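Below is one structure, written out as structure tokens; the observations come after it.
Any read-out appearing in this document is the output of simple, stated calculations on the displayed coordinates, not a laboratory observation. On a predicted model such as this, the values are computed, not experimentally measured, just so you know. All Cβ positions, even for glycine, are placed from backbone atoms using ideal geometry, and neighbour counts span all protein chains on display.
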Amino acid sequence: MKTIGVAIIGCGGITLQNHLPGLALCPEARVVALCDNDAAVLQRASEQSGIKACFSDYKEAIHRDDVHAVIIATPNVLHGPIALAAVAAGKHVLCEKPIAMNLAEAVEMYRAAEAARVRHMTAFTYRFVPAFRYLLHLVQAGAIGQPYHFRVQRFQDWGTRAVGWRQVKKLASTGELGDMLSHRIDYAHALMGHIKTLVADLHRFHDVREGQVSDLEDWVAIIARFAAGGTGVMESSKVCTGRGESARSQDYCEVNGSEASLVYCMGQKPELQIGRRGQSTLEPLPVPKEFLVWPGSPRDPSRGDPLFAFRYDQNFEFIDAILNQRPCVPSFLDGARAQAVIDVTVQSANEKRWVEVPVVT
């Protein structure tokens with residue numbers, strides 16, 4: 001059995017919560033190196049994982065002979081440089097979203113990975129939610145007829161608490177747009193196809209969070225028209241008082257079609273709601289057993305918190321794609337397509353007009 005040696009660059013909360021537990025489910029994977037420029041963060045990850053090979057310089061970790069794949073969980077500004085260095089070294093790459101600071105950088109990453117014939121993956125973690133996977137299956141199978149409308153809401157209550165580098169433009173490029181709405185832009189592409197045009201607005205309610213300057217938006221909204229003819233409304237906010245935070249806050253997705261409507265709302269129970277033609281109320285629609293875990297994943301869906309455990313399937317998909325020499329889902333192409341929408345959203349908000357979204361291939 002081939003062992004895939006993994007280096008994790010960036011050892012904060014996402015690594016501790018998602019990547020280390022996810023990789024622990026993959027018998028073919030072994031984390032062989034950790035890297036972070038914050039000594040305290042690196043030490044905590046080392047103590048939690050038992051991994052002793054620790055570095056402050058990502059180049060040292062990437063160029064180790066026992067590293068075959070790299071996971072990037074750093075501030076956004078470092079995604080591109082690290083990914084390009086890893087690809088140049090022939091390493092497979094899983095990168096947190098958004099994968100880049102702008103579209104040009106995202107496209108460069110995608111094309112470099114393709115040219116190097118390495119596996120590349122964007123960490124659109126919510127693609128692995130069982131209820132969303134079933135929703136996507138039903139839409140693709142034609143269960144709702146012609147899709148008319150798509151809408152999402154991601155509402156959290158962070159108040160005036162600091163969100164670290166995510167509130168600093170030079171480190172993150174965008175705020176709530178790249179942090180949370182990027183996942184829902186990926187939903188839109190998966191369910192409805194290419195967004196042809198959009199109009200958007202951004203707003204920052206708090207210029208200071210816990211004594212730290214914030215120069216990025218904490219609310220974003222998009223009205224979209226899809227190339228296939230459907231329409232969409234997307235909204236995300238960190239200042240929805242009383243809505244909570246993280247996995248226990250509002251995460252809502254609805255698709256209306258000519259024959260039926262489907263609703264997914266993140267919750268403990270894996271189910272959708274369906275509204276059929278002629279009905280006036282929505283009915284529960286349980287998620288079938290075959291959608292509770294990603295195909296091939298060894299994860300037991302009856303164990304762990306269902307609001308978090310699905311995230312581990314993301315790491316299985318990455319390792320399995322490497323072992324079977326197949327494309328990852330979602331890939332850097334999906335990340336670049338989302339980045340195109342992110343860039344146009346900022347442009348639309350600045351220019352206060354509808355803007356066409358470039359097609360990324």
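Ranked by the mean number of other Cβ atoms within 10 Å of their residues, highest first, the peptides 287-298, 246-257, 5-16 come out as 5-16, 246-257, 287-298. Looking at the stretch 86-228 alone, DSSP beta bridges between its own residues are antiparallel in about 70 percent of cases.
What is the ratio of the Cα radius of gyration of the stretch 176-218 to 2.2 N^0.38 Å, with N the residue count, to two decimals?
1.51
The stretch between GLU114 and CYS265, if pulled fully straight at 0.36 nm per residue, gains 50.9 nm over its current Cα-Cα span. The alpha-carbon atoms of the chain define a convex hull whose volume equals 137 cubic angstrom per residue.
Could you work out the equivalent-ellipsoid semi-axes for the stretch 289-332, taking the square root of 5 times each eigenvalue of the Cα gyration tensor, largest first, in whole Å?
21, 11, 9
Ranked highest first by average number of other Cβ atoms within 10 Å, how do 33-41, 157-165 line up? Don't jump to the answer; show the numbers that get you there.
On the way: 33-41: 18.1, 157-165: 15.3.
Ranked from most to least packed, the peptides come out as 33-41, 157-165.
Around the amide H of LYS97, modelled in the peptide plane, lie the amide H atoms of ALA123, all under 5 Å away and 5 or more residues distant in sequence or on another chain. Shape descriptor for the stretch 4-125: Rg over Rh equals 0.94 (Cα atoms; Rh from the Kirkwood inverse mean 1/r).
Over the chain, DSSP H runs of length four or greater, each weighted -39,500 (n - 2.57), average out per residue to a 222 nm ellipticity of -8500 deg cm²/dmol. Any chance you could check the Cα centroid distance between the stretch 304-327 and the stretch 154-185 for me, in angstrom? Cα centroid of the stretch 304-327 versus Cα centroid of the stretch 154-185: 24 Å apart.
Bins of 5 Å, beginning at zero and ending with the bin holding the largest distance: percent of Cα pairs per bin for the stretch 74-192, please. P(r) over the stretch 74-192, rounded to whole percents: 2, 10, 17, 18, 17, 15, 12, 7, 2, 0. For the chain, the relative contact order comes to 20 percent (Cα pairs under 8 Å, sequence separation of at least 6). Each of GLU28 and GLN48 was given a label point 7 Å from its Cα along the Cα-to-Cβ line. The distance between the two points is 2.6 nm. Ellipsoid fit via the Cα gyration tensor, the stretch 249-301: semi-axes of 25, 13, 10 Å, each the root of five times an eigenvalue, largest first.
Taking every DSSP beta bridge that has both residues in the chain, what percent is antiparallel when rounded to the nearest 5?
On the way: 41 of 68 bridges.
Expressed as a percentage, antiparallel bridges in the chain total about 60.
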